[in-house]
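Enquirer: There's a structure below that I have some questions on.
The values are calculated or read from the model by the stated rules, or taken from the named source; none is laboratory data. Everything quoted here is computed from the prediction, not taken from an experiment. Glycine also receives a Cβ, built like all others from the backbone with ideal geometry; neighbour counts cover every protein chain displayed. Note: areas computed on protein heavy atoms with side chains; ligands, DNA, RNA excluded. Shrake-Rupley method; radii C 1.70, N 1.55, O 1.52, S 1.80 Å.
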Amino acid sequence: MAKQQFIIYKLHFTTPLHLGDSRDDYSVSLKTINSDTMYAALISCLAKLGQDISKDGDLGCTISNLFPFYQKDRNTNAVYFFPKPLKQTLPTSDKATEERKKIKKVTWLDEKYFSKILKGEQLFDDNSIDRSIKGLYMTDMEIDKDFMSSQVSSRVTVSRNGQEDAKPFHMDRVVFKDYSGFFFLAKGDTSSLEKAMDLLQCEGIGTDRNVGNGYFEYEVKSVDVEFPDSAKYTMSLSSFIPESKEQLESMLASKNVAYDFQRRGGWITTSPHNTLRKNVIYSFSAGSVFKLECNSVNIYGKVGVDLKPDWDSTLNHPIWRCGRALFLPIKVD
């Protein structure tokens, strides 16, 4: 058994936030923030601060996706949740079979159960199912299972020229109870990241920041993650874009791999290009499992992919999308 201590950044949101999906549907908000979205926001903040940015958009460190944590107040310990690997063997006891639907809904594992699944250990026994499963979360700790929830509000789109009728729509926003929020792991030199975080917390993250969405305060902590000494497979904690076709082919060369794709793109945020879209690329989702022998925390993927539209000659800077990801060993049957 091996153990790695990670620096983590905890975001305590002071306002609700909306996280748009690829359809730009305001009525649905995502419940996590991808590493490439966070990375792009940090790079943007460094540019605003006048800091030097490497030619490939490298911050000097690699980060995970943002995952939820539950914390009652400042004086209590946080419960950190990690994504359930896409490749998971469900238990086969009689009670577990009866509770299969309940088990399949679990999306997030606390540190204890996350380490167990990385090491290939049985997650459940007959007596622990009811105690440990709390909605989407699996933990033995006392939590409010609805600490991250949706808040739907009515909004109106007003025509800029006054020639069209106002159009109502609904916006889904994520709200956190108590002192909960999102956190992410970081590995590498975090000095530039922290400079960017100081500005980003004031600018906010997500959609419609100009009306008060997505503001947060952050703090720096650490968390220990246990994983097997060696494994033939690896699990991504970040959005992942392979470095080459050859790398991808070797990582997919097993029937036990499990992965999902995400379409990455969105709107350009640099004025006066705000009405233009970036180029589109697909990345592998966090929680994807690949065939790759490893015995420690590893980092794979392209540091930066430029999504600047080829046809726009007036945009004079690259638009980086980071595909570099944190990977942990995982035992898969």
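Enquirer: Are any residues in segment 169-184 assigned to a strand (DSSP E or B) and surrounded by fewer than 21 Cβ atoms within 10 Å (Cβ to Cβ), and if so, which ones?
Expert: Step one: list which residues in segment 169-184 are assigned to a strand (DSSP E or B), which gives 169-176, 181-184.
Result: Phe169, His170, Met171, Asp172, Val175.
Enquirer: Step by step: first the residues of segment 10-39, then only those that are surrounded by fewer than 21 Cβ atoms within 10 Å (Cβ to Cβ) and under 16 Å from the mean Cα position of the chain (by Cα), then the one that is modelled with the lowest pLDDT. Which residue is that?
Expert: My answer is Ser22.
Enquirer: Could you name every one of the strands (runs of 3 or more DSSP E) located completely within segment 185-270 that has at least 2 residues being open to solvent by less than 60 Å² (accessible area, probe 1.4 Å), modelled with pLDDT of 95 or more and not β-branched (Val, Ile, Thr)?
Expert: On the way: elements: 216-227, 231-236, 261-264.
Counting at least 2 such residues, we get 216-227, 231-236.
Enquirer: Looking only at segment 117-135, which residues are open to solvent by 10 Å² or more (accessible area, probe 1.4 Å), modelled with pLDDT of 85 or more and assigned to a helix (DSSP H, G or I)?
Expert: Once the filter is applied, which keeps residues that are open to solvent by 10 Å² or more (accessible area, probe 1.4 Å), modelled with pLDDT of 85 or more and assigned to a helix (DSSP H, G or I), segment 117-135 yields only Ile117.
Enquirer: Take segment 136-171 and flag every residue that is touching a Phe, Trp or Tyr at 6+ places or on another chain (Cβ under 9 Å) and at pLDDT below 75.
Expert: Ser154, Arg155, Val156, Thr157, Phe169, His170, Met171
Enquirer: State which residue pairs qualify: first residue farther than 25 Å from Thr107 by Cα and open to solvent by 70 Å² or more (accessible area, probe 1.4 Å) and inside segment 272-294, second residue at pLDDT below 95 and among the charged types (D, E, K, R) in any location, beta carbons under 6 Å apart, and separation of 6 or more residues or different chains.
Expert: Cβ pairs passing all conditions: Glu293/Lys232.
Enquirer: Are there any pairs, at least 6 apart or on different chains, whose C-beta atoms fall under 7 Å, with the first in segment 8-33 and charged (D, E, K, R) and in a loop (DSSP other than H, G, I, E, B) and the second at pLDDT 90 or above and open to solvent by less than 50 Å² (accessible area, probe 1.4 Å), and if so, which?
Expert: The qualifying pairs are Lys31/Met148.
Enquirer: Could I ask something else about it? Here's a check for you: in segment 43-75, which residue that is of a type in the set (S, T, N, Q) and touching a residue at least 24 places away in the same chain (Cβ under 8 Å) is surrounded by the fewest Cβ atoms within 10 Å (Cβ to Cβ)?
Expert: Let us first name the residues in segment 43-75 that are of a type in the set (S, T, N, Q), namely 44, 51, 54, 62, 64-65, 71, 75.
When the remaining residues are screened for being touching a residue at least 24 places away in the same chain (Cβ under 8 Å), the result is 44, 51, 62, 64-65, 71.
On the way: Ser44: 19, Gln51: 12, Thr62: 25, Ser64: 25, Asn65: 25, Gln71: 22.
Step by step, filter segment 43-75, then rank; the result is Gln51.
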